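Note sheet for the following structure.
The values are calculated or read from the model by the stated rules, or taken from the named source; none is laboratory data. Predicted model only: the values in this text are computed from it and were never measured. Every residue, glycine as well, gets a Cβ built from its backbone with ideal geometry; the counts of neighbours run over all protein chains shown.
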Amino acid sequence: MGSILSGLRRPSRTSESHPEPEQLVPTLDLSPNQHELLVESWKLIQQDIAKIGVIIFIRLFEVHPECKDFFIPFRNVDDLHELITSKDLRAHGLRVLSFVEKSIARIDNSIRLQELALELGRSHYRYHAPPKYYQYVVSEFMSAIHPLLKDKWTTELENAWKNLFAYICAMMKRGYDEEERRKYNDGDYSSNSLEGNKNAVI
């Protein structure tokens, strides 16, 4: 899966005589059939939602162990069984998949979906979670749902999920950049830690 953020550049900070160029606005490119496929596949995913959430983060920590540094409860946990049975990990996985569920429910309402993703991106700036980590989670989500969906997994369904997440991640990056510029313009360089926030989604 290629970079979902190609073509979207963070505007450089410029002087008043050289105003910032407007950012490209991401668009959600889904056919009616892909929309239906997402809704139907999500119904199957929901049946094992807690298990999938745990799988996503177990794999994430295995492939990208540096991500554990964002989470105090998991930072020094190397025992796989302890991670798998962790209530904190299970809860965090459910929060991430709750966001996915809200996104699916808002596909027909572009304004609500856009604001949902923008706000998540803004919060990720405040919690020190840069955009490169979004794609890591997406990749593990795709890997986790593929075997679950079995013969329901088709090229068109895969592309539908990729398109949805491409839009979400691009919007999150836009929100992240907006918050960074706002903090910079306000002279506020402080931010909270992701690790201490129970509501953060990464």
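Taking segment 47-104 as the range and being more than 30 Å from Glu36 (Cβ to Cβ) and aliphatic (A, V, I, L, M) as the test, the residues that pass are Ile58, Val63, Ile72, Val77, Leu80, Leu83, Ile84, Leu89, Ala91.
One line per residue, one yes/no per condition, for (1) more than 30 Å from Arg182 (Cα to Cα); (2) among the aromatic types (Phe, Trp, Tyr); (3) assigned to a helix (DSSP H, G or I); (4) at pLDDT 95 or above:
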| residue | (1), (2), (3), (4) |
| --- | --- |
| Ile45 | yes, no, yes, yes |
| Asp88 | yes, no, yes, no |
| Phe99 | no, yes, yes, yes |
| Ile104 | no, no, yes, yes |
| Arg112 | no, no, yes, yes |
| Leu118 | no, no, yes, yes |
| Ala144 | yes, no, yes, yes |
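Which of the residues spanning segment 66-87 are within 18 Å of Tyr127 (Cα to Cα) and not aliphatic (A, V, I, L, M)?
Glu66, Cys67, Lys68, Asp69, Phe70, Phe71, Pro73, Phe74, Arg75
For segment 100-122, the candidate set comprises residues that are basic (Lys, Arg) and in contact with a Leu (Cβ under 8 Å, 6 or more places away or on another chain); within that set, the residue that is surrounded by the fewest Cβ atoms within 10 Å (Cβ to Cβ) is Lys102.
Give the residue, chosen from Phe74, Phe70, Phe61, that is more than 12 Å from Ile145 (Cα to Cα), touching a Cys at 6+ places or on another chain (Cβ under 8 Å) and of a type in the set (Phe, Trp, Tyr). Explain how you work it out, then say what you get.
Details: Phe74 fails: touching a Cys at 6+ places or on another chain (Cβ under 8 Å); Phe70 fails: touching a Cys at 6+ places or on another chain (Cβ under 8 Å).
Going through Phe74, Phe70, Phe61 in turn, the sole match is Phe61.
Taking segment 123-140 as the range and being buried (at least 19 other Cβ atoms within 10 Å of the Cβ) and either closer than 18 Å to Asn159 by Cα or modelled with pLDDT of 95 or more (or both) as the test, the residues that pass are Tyr134, Val137, Val138, Glu140.
Each residue in segment 124-177 was checked for being farther than 19 Å from Ile111 by Cα, in contact with a Phe, Trp or Tyr (Cβ under 7 Å, 6 or more places away or on another chain) and either touching a residue at least 24 places away in the same chain (Cβ under 8 Å) or of a type in the set (Ser, Thr, Tyr) (or both), and 6 of them qualify.
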